[in-house]
Amino acid sequence: MYERVEEVRRRALQELQAASTAEEVEALRRRYLGRKGEVTALLRSVAGLAPSERAAAGSALNALRDELEDSIRTRLEALRARERDQRLRQEAVDVTLPGRRPPVGREHVLGRTIEEIRDIFRAMGFEVVDGPELETEEFNFRRLNIPDDHPARDAQDSFYLDDERLLRTQCTAVDVRVMRERTPPMRVVTVGRCYRRDVVDSTHMPVFHQVDGFMVGEGVRFSDLKGVLAEFARKLWGPEARVRFQPSYFPFTEPSAEIAVWFRGRWLEIGGCGMFHPRVLEMAGIDPERYTAFAFGCGVDRPAMVRYGVDDIRLFWENDVRFLSQF
Amino acid sequence: MRVPWSWIAELVEFPTPQDPAAWEERFPMLGLGVESVDRTGDDWVFELETTTNRPDWLGVVGVAREVAAACGGRLRLPAVELLESDPPAREVAWVEVLQPGLCHRYVGRVVVDVQVGPSPAWMVDRLERCGLRSVNNVVDVTNYVMLETGQPLHAFDLDRLAGGGVVVRRARAGERLVTLDGQERALPEGALVIADRERVVALGGILGGQDTEIRPQTRRVLLESAWFHPVAVRRTARALGIRTEGSTRHERGGDPERACSAAARAAQLVQQLAGGRVLRGELDVYPDPEPARQVTLRPQRLRHVLGVEIPEPEVEDVLRRLGFAPRGDGTRWVVAVPSHRRDVEREEDLIEEVARIWGYDRIPQTLPVDVMAAGAVSPDLVAERRVREALLRAGLTEVLTLTLLHPGELEAVGIPEGHPLRDAIPLRNPLTRDHTHLRTTLLPSLVEVLRTNRVRGNLDVHVFEIGRVFRNSSAGWEERKVVGIARIGRALEGGWNLPPEAVETSFYHLKGTVEAVLEALHVPGWDLRPEGQPWLHPYRAASLWLGTGPVGWVGELHPDVCERFDLHGRAYVAELELEPLARAARTTPQYRPLPRTPATERDLAVVVAEGVAAADVVRAIRKAAGPVLERCEPFDVYTGPQVPAGHRSLALRLVFRDPSRTLTSEEVDGILDHLRQRLREELGAQFR
């Protein structure tokens, strides 16, 4: 009996090893372990053995059955894994082919700069507002203490629509509008388009952007102006940014200063600032004895050119997508 | 203004030796911009950029005064010692001012028996360093004194002045003058001129006339040193297209006091260089002398405005060094303003003077102490930002285009004559022929962006702009913000192995972009209606309706326009008004509970005639199904052999749900039966 068991075992394991598909393995299971299988038949034959042999034969056959079941399961799993792998192999992709995607939307580099500037001032407690580009001489000049005969009023420099209306030449006009409508304290910033009669070249466009802001309160000081603009410069140009304030002249501020930022080894002039001239406050209905105010106006386009290494301002307006997608 | 350092050094007694190189940095800290520095020999010549409020800086003395004030030096003005002879000047010449409003002061000096000739080398050299050419010793003196003091002067040949004198008046109609540059000029009527008894001899403050100029044979000289009105000088100079050293200085507004001292200084130098005798006294017409000005300065105000404590003695010291004369106690100074600083009118001007000389860089950086509300963004800008972000997320690239255009551009994109968008507001003084009007729509500039890119081989262009347009309406000129969109080329990158219709931009891609914006803003109740625009494909165009009116248009750009702009493909464009969208936007959408009951899905294929829009079918289904229909979306459109000619089959996915209970299959089937019945009745629908 023992030899018989051993012979069946050897043969079954050999055939199992040779089986290459799950079906063949299933056939082997039926042949050996099925109802009419060889091992099943041997197990049945145990009853006919002498009582002294029954126990040993029974346990040897049970062991054989367990071993075969184990081997079949293992073999089946291995074969299934191989079949699945073959199936998946046929689904292989070439990962180096281009990905499918909608185009990537890009901010215009000036649009992005404008948003950054708005965020910086909002974080410093400024309210971000907007104003008209079509302005009147009243707001663009007169209320900024720029009298009718001032050289800045020269029609050579501004686009006029009629005797009184023009395209704003600076965003400070928005300050005037806000100051007239509200009461102090105020802390307001605006970013927008301004217009000047400039011939187009690599550094001039008739349309450009300006950020303009002001703060009115009891006890607003020139030192606050320096502090706020230095903070602005650090946020926009990096923590190392240094700011320089040089005396200058604007009809609507007194004292007045020009602002420059130290960037990549040189001073970059970014705009003008100062304490609002008392007459400007008076014209806005604000008592200049009680309140003081600072104001500033900075260019957006030319500093952005330097910051991003753009050498021709016309690139901003040409909108070649190869340019736009670089930012 | 070119200023040689050697000249400054002559006028300032320095407390310590100065390195001119350091002044390249120091001048700007005083408000004097340095445009360039030339080293000539051992001298440094600074090209200074001066601000319009400081006429005194257009003379070396004015600059030297700043230098002295800044470094604690002393200003040494050249001593004027005149040897005058009889007869008195007024006996040989006369000056009359008919326009005292335009000429506050006119000072004349007479020098006789001069020998006109070349100037000495030092004079020629100094003028050259300042950028002027030597003419002769008399003319050179007038230029030299102008450079020194900032006061423009002119020299007339007195023997050639008819009647032996000059009158300041306005030009009469038809008067002409041959100016020093040899040009004969027709004078604008009313221009400020200097004339003799017979004719105009000079343009006041701008340029002299050739007839009365100093020549080798000139013996008697009338020197002019006057204060002309800045605006009068500017207008005439501009009208004639002339700009001279003199006009630049007069336009800034001079100092009437200086006119007199400069005349004496010039007479002295003429005598020194050209010999002759200075006749006694000046011819001085100054009917209405300007009173000296006094301005109050409070130390407390100074501190309050600047945010820094400057010791009072230092304040007084700065003011004195600049030529001001402060008097008073510790609570207020009354400051006498020198005549050369007429720009100083109020307390703030003095505060700036103190800050400037004491040093802007020494004022600390502080942050405002005022307690205020946190920063905010105005609601219209919030909506604008949301629209912008939605478009960026939808894969569109932001562009910026000029606000100015030529009306031909409106015509070129297919806006017909008489259309309101053709009514662009013109600029009264355009600079170039292509920028003459304000844009009424973003369409021309966006089509131009497509063109620019396509001709350069950038085939896929998906752009948007949020910008302003200007319209001429019955209510006047309006300024509005609009959103413009333009798309062309592939809407999907990497679409290899895909059919073109899955890859190329279509009307539905454009519509999807618009939907994305509306969804980002949570705009309820909008509707796209098939309505055309002249610049759009007549059968691929729609209006966006919001509430009771259209707020924009979307569609395929008309093939004719595509062809005109060499786009070589179909382009899709839209323009939406931003303000109505911003108004309709819900900034704080409210939570709706998520459903807890299961949904039941059914597909329905509806065959309708070609003219029936998908939206009509959906609307009819929604109406018939009632609130248990949660969603109803077309997912396939079929025309072909299996549907009758002139019809199409629309497959819709219907999702039913009752939030309070589970719908049974029989109920849903019942609703579907009802639906089919209603669609048959209302739209003549058939079912597959």
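Each value in this text was obtained by applying a stated rule to the coordinates, not by laboratory testing. Bear in mind that the values here come from a model prediction, so they are computed numbers and not experimental data. Counting neighbours? That spans all protein chains shown, and the Cβs are built from the backbone with ideal geometry, glycine included.
Brief remarks follow.
- Partner shielding of B:457-467 amounts to 3, given as the average count of beta-carbon atoms from other chains within 10 Å of each residue beta-carbon.
- On Cα atoms only, tilt of B:137-149 relative to the major axis of chain B in degrees: 60
- D_trans [Stokes-Einstein, Kirkwood Rh over alpha-carbon pairs] for the range B:84-285, 20 °C, 1.002 mPa s, µm² s⁻¹: 130
- When restricted to Cα atoms, chain B yields an Rg and a Dmax of 40.2, 130 Å, respectively.
- Dipole axis of chain B (+1 Lys, Arg; -1 Asp, Glu on Cβ), positive-most option in B:T441, B:L177, B:F565: B:T441
- 10 Å Cβ neighbours from other chains, averaged over peptide A:271-277: 2
- Paired Rg and Dmax values of the range A:2-89, which use every Cα atom, in angstrom: 15.2, 57
- Partner shielding of B:393-406 amounts to 6, given as the average count of beta-carbon atoms from other chains within 10 Å of each residue beta-carbon.
- Dipole magnitude for the range B:84-285: about 460 debye, using +1 per Lys or Arg Cβ and -1 per Asp or Glu Cβ, origin at the Cα centre.
- Taking other C-beta atoms within 10 angstrom as a stand-in for reagent exposure, B:C71, B:C562 fall in the order B:C71, B:C562, fewest first.
- Computed over the range A:75-157, Kirkwood Rh from alpha-carbon pairs, angstrom: 20.5
- Multiplying each eigenvalue of the alpha-carbon gyration tensor of the range A:70-224 by 5 and taking the square root yields semi-axes of 64, 23, 11 Å, largest first, rounded to whole angstroms.
- Rounded to 10°, Cα long-axis angle of helix B:230-240 versus longest principal axis of chain B: 70
- Rg/Rg_ref, the range B:600-687, where Rg_ref = 2.2 N^0.38 Å and atoms are Cα: 1.08
- Cα-Cα separations in the range A:1-155 greater than 22 Å, expressed as whole percent: 70
- Projected-area average for the range B:476-544 over all orientations - Cα convex hull basis, square nanometres: 7.0
- Distant alpha-carbon pairs in the range B:270-411 (separation over 27 angstrom), percent: 60
- Ranked list, fewest to most other Cβ atoms within 10 Å of each Cβ, for A:M283, A:M215, A:M1, A:M275: A:M1, A:M283, A:M215, A:M275
- For a straight C-alpha distance cut-off of 16 angstrom, the aspartates and glutamates reachable from A:K36 (same-chain residues fewer than eight places away being disregarded) are A:E26, A:E69.
- Where GluC sites (Glu not before Pro) fall in DSSP loop in the range B:181-251, at most 13 other Cβ within 10 Å: B:E189, B:E198
- Summary of packing: across the peptides A:50-62, A:106-118, B:423-435, the per-residue average of other C-beta atoms within 10 Å ranks them, highest first, as A:106-118, B:423-435, A:50-62.
- Taking amide H as placed 1.01 Å from N in the peptide plane, B:S119 has its amide H under 5 Å from the amide H of B:N137, each at least 5 places away in sequence or on another chain.
- Cα-based Kirkwood hydrodynamic radius, the range B:1-129, one decimal, Å: 17.7
- Cα shape, the range B:439-526, gyration tensor, a/c 1.5 rule: oblate
- Calculated [222 nm] ellipticity per residue, helices only, for chain B: -9500 deg cm²/dmol; basis is -39500 (n - 2.57) per DSSP H run with n ≥ 4, divided by all residues, nearest 500.
- Packing order of peptides B:87-97, B:568-578, highest average first: B:568-578, B:87-97 (average count of other Cβ atoms within 10 Å over each peptide's residues).
- When each of B:R303, A:R165, A:R290 is scored by the number of other beta-carbon atoms lying within 10 Å, the sequence from fewest to most is A:R290, B:R303, A:R165.
- Eligible lysines near A:K226 by straight Cα distance, threshold 17 Å, same-chain separation 8 or greater: A:K235
- Global geometry of the range A:109-324, whether rounded, prolate or oblate, following the gyration tensor of its Cα atoms and the 1.5 cut on a/c: oblate
- Reciprocal of mean inverse Cα separation for the protein assembly as shown (Kirkwood radius, Å): 36.1
- Restricting attention to the protein assembly as shown, close to 90% of DSSP beta bridges with both partner residues there are antiparallel.
- Remark: the range B:543-551, residue by residue, has Karplus-estimated 3J(HN,Hα) of 10, 8, 9, 9, x, 9, x, x, 10 Hz, where x stands for each Gly or Pro and the curve is 6.51 cos²θ - 1.76 cosθ + 1.60 at θ = phi - 60°.
- P(r) tail fraction, the range B:379-584 - alpha-carbon pairs more than 32 Å apart, %: 13
- Cα shape, the range B:104-170, gyration tensor, a/c 1.5 rule: oblate
- Over the range A:235-287, the ratio between the Cα radius of gyration and 2.2 N^0.38 Å evaluates to 1.43.
- Comparing A:A47, A:Q14, A:G34 along the charge dipole axis of the range A:1-59, the residue lying farthest to the positive side is A:A47, per the Cβ-charge model.
- Protection-proxy order for peptides A:124-131, B:518-525, B:261-268, each taking the mean of Cβ atoms within 10 Å per residue, highest first: B:261-268, A:124-131, B:518-525
- About the centre of its Cα atoms, the range B:392-539 shows a dipole size close to 320 debye [charges on the beta carbon of Lys, Arg (+1) and Asp, Glu (-1) only; nearest 20 debye].
- Annotation: the antiparallel percentage among DSSP beta bridges lying fully within chain B is about 95.
- The alpha carbons of the range B:533-688 give a radius of gyration and a Dmax of 20.0, 60 Å, in that order.
- Rounded to the nearest 20 debye, dipole of the range A:109-324 from Cβ charges on Lys, Arg, Asp, Glu: 820
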